[in-house]
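Report on one structure; see the data block that follows.
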């Protein structure tokens with residue numbers, strides 16, 4: 001078939017909305033109507049799917065155009081579609097396969113629906129989106145509120161131009177501008193709602209400055225080892241107060257330049273010092289996202305990497321900012337053996353966090369509050385008992 005018409009795509013659009021409603025991602029009829037009326041396939045004329053080629057290399061397989069029923073099924077499935085690779089790092093491996101760093105995607109529809117529901121827009125609200133991407137989310141907001149109330153900014157001018165074309169083909173003309181979204185909207189307007197589809201280490205001051213009392217902000221806050229989506233409300237003192245949400249999902253990190261990517265600067269790794277048995281396994285760290293959020297609070301600026309030894313055995317490794325490290329085998333038993341270097345207190349704090357999380361009933365993400373004070377300081381607290389962790393700025 002040629003490129004599908006809207007009429008041909010409509011059953012797929014309705015199917016996506018129905019599926020998101022059944023899963024609980026869509027909770028109100030207005031967003032069901034938006035998802036069933038906005039043609040996602042117009043926003044992803046090409047996408048990349050990760051696979052392993054016949055040489056064992058992880059590649060991005062390029063799909064060009066939506067021309068078959070299978071293409072429509074893929075586009076209207078609840079899955080993230082990578083839509084752009086960094087041109088400075090992308091390398092073509094064969095006719096349709098590439099290696100490289102993804103720079104833009106059409107977000108998982110259930111994640112986007114959950115964030116839009118958390119945003120709680122009302123008729124007449126002016127919305128700022130940070131991270132235009134393909135333009136699909138701006139189209140959903142335009143369908144719900146009217147295009148004149150939707151503003152979007154993206155660091156990459158090429159993505160902005162492409163998104164404008166996508167939106168125009170779908171019949172929408174919201175206000176799109178290139179720029180550093182962490183600095184807010186270039187015109188300096190104030191908004192009733194702000195939604196960010198990129199990850200930030202802290203809520204930028206510009207977003208608060210472009211809010212008004214009662215503005216709701218939904219964004220991905222990256223705290224190191226883990227993070228999550230927060231829903232905050234700005235008060236008259238310029239504080240943003242709220243909590244992590246039950247909507248699961250993470251985004252690519254925000255960039256201050258279109259072609260610049262942060263390269264982690266790691267200290268020299270400490271020499272191996274010893275081992276000891278631990279009640280925490282690699283599976284515990286890998287599978288419990290709320291526990292990982294707690295680890296980010298106990299170990300600010302630490303990170304999780306994967307280590308492969310000379311035999312090919314893989315281990316999960318937590319690295320501190322001073323070169324200390326602690327690793328667990330991925331194939332761990334109920335009690336794992338921790339190998340460490342540098343400060344043994346690094347792993348002691350992991351076990352402290354594990355104990356606290358279990359003793360507190362294994363709280364989920366949405367049992368943690370998040371606050372950004374007017375002076376820029378931020379902290380997280382456990383909602384039932386008030387236990388507080390300050391976030392390094």
If you wrap a convex hull around the C-alpha atoms of the stretch 82-156 and split its volume per residue, what is the figure in Å³?
-> 100 Å³
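Enter the mean projected area of the convex hull around the alpha-carbon atoms of the stretch 272-359, in nm², rounded to one decimal.
Values: hull surface 21.4 nm².
Mean shadow area of the hull around the Cα atoms is 5.4 nm².
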To the nearest 10 degrees, how steep is helix 6-23 against the longest Cα principal axis of the chain, on a 0 to 90 scale?
-> 40 degrees
Correct choice for mean projected area of the Cα convex hull in nm² that was computed from the model, options [x] 18.5; [y] 24.3; [z] 20.9 = [z]
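Pop the C-beta distance of residue 286 and residue 33 into the FRET formula with R0 = 45 Å and round what comes out to the nearest 0.05.
On the way: r = 38 Å, r/R0 = 0.85.
For residue 286 and residue 33, the calculated efficiency is 0.70.
Normalising by the residue count of the chain, find the relative contact order in percent from Cα pairs under 8 Å and 6+ residues apart.
Numbers: 836 pairs, mean separation 42.1, N = 393.
Dividing the mean separation by the residue count of the chain yields 11 percent.
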Full extension between residue 373 and residue 331 adds, at 0.36 nm per residue less the Cα distance, a length in nm of 10.8 nm
Sticking with the crude label model, points 7 Å out along Cα→Cβ, report the distance from residue 123 to residue 2 in nm, one decimal please.
-> 4.0 nm
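Helix-only mean residue ellipticity at 222 nm, the chain, DSSP H runs n ≥ 4 weighted -39,500 (n - 2.57), per residue, nearest 500. What is it? Each step should come with its number before you reach the end.
Values: 10 runs with 104 residues, N = 393.
Computed ellipticity for the chain at 222 nm equals -8000 deg cm²/dmol.
Order 224-235, 202-213 from most to least packed using the mean count of other Cβ atoms within 10 Å. Mind dumping the intermediate values first?
Values: 224-235: 21.7, 202-213: 18.3.
In descending order of packing, they fall as 224-235, 202-213.
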Measure off 7 Å from each Cα along the Cα-to-Cβ vector at residue 91 and residue 51, then give the distance between these two points in nanometres to one decimal.
-> 2.1 nm
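Between residue 387 and residue 303, 0.36 nm times their residue separation minus their Cα-Cα distance comes to what?
Working: separation 84, 0.36 × 84 = 30.24 nm, distance 2.30 nm.
Once the chain is fully extended between residue 387 and residue 303, it gains 27.9 nm.
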At 0.36 nm per residue, minus the direct Cα-Cα distance, what do residue 209 and residue 322 gain on full extension? Give it in nm, one decimal, please.
-> 37.1 nm
Tilt of helix 345-359 relative to the longest C-alpha principal axis of the chain, in degrees (0 to 90, nearest 10)?
-> 70 degrees
Helix axis angle, 289-298 relative to the chain longest principal axis, alpha carbon, degrees | 60 degrees
Could you give the nm distance between label points at residue 177 and residue 68, where each point is 7 Å from its Cα heading toward the beta carbon?
-> 4.4 nm
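Remind me, relative contact order of the stretch 18-78 in percent, using alpha carbon pairs under 8 angstrom and six or more residues apart?
On the way: 44 pairs, mean separation 15.7, N = 61.
Relative contact order, the stretch 18-78: 26 percent.
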Hey, how many Å between the Cα centroid of the stretch 316-393 and the Cα centroid of the stretch 93-131?
-> 29 Å
Taking 1 over the mean of 1/r across every pair of different Cα atoms in the stretch 6-106, what Kirkwood radius in Å do you get?
-> 14.8 Å
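Between residue 61 and residue 239, how high is the FRET efficiency from 1/(1 + (r/R0)^6) when r is the Cβ-Cβ distance and R₀ = 56 Å? Nearest 0.05.
Numbers: r = 46 Å, r/R0 = 0.83.
Efficiency, rounded to the nearest 0.05: 0.75.
Every number in this text was worked out from the coordinates using simple rules, so none of it is lab data. Since the model is a prediction, treat every value here as computed from it, not as a measurement. Here Cβ is always computed from backbone atoms with ideal geometry, including for glycine, and neighbour counts include all displayed protein chains.
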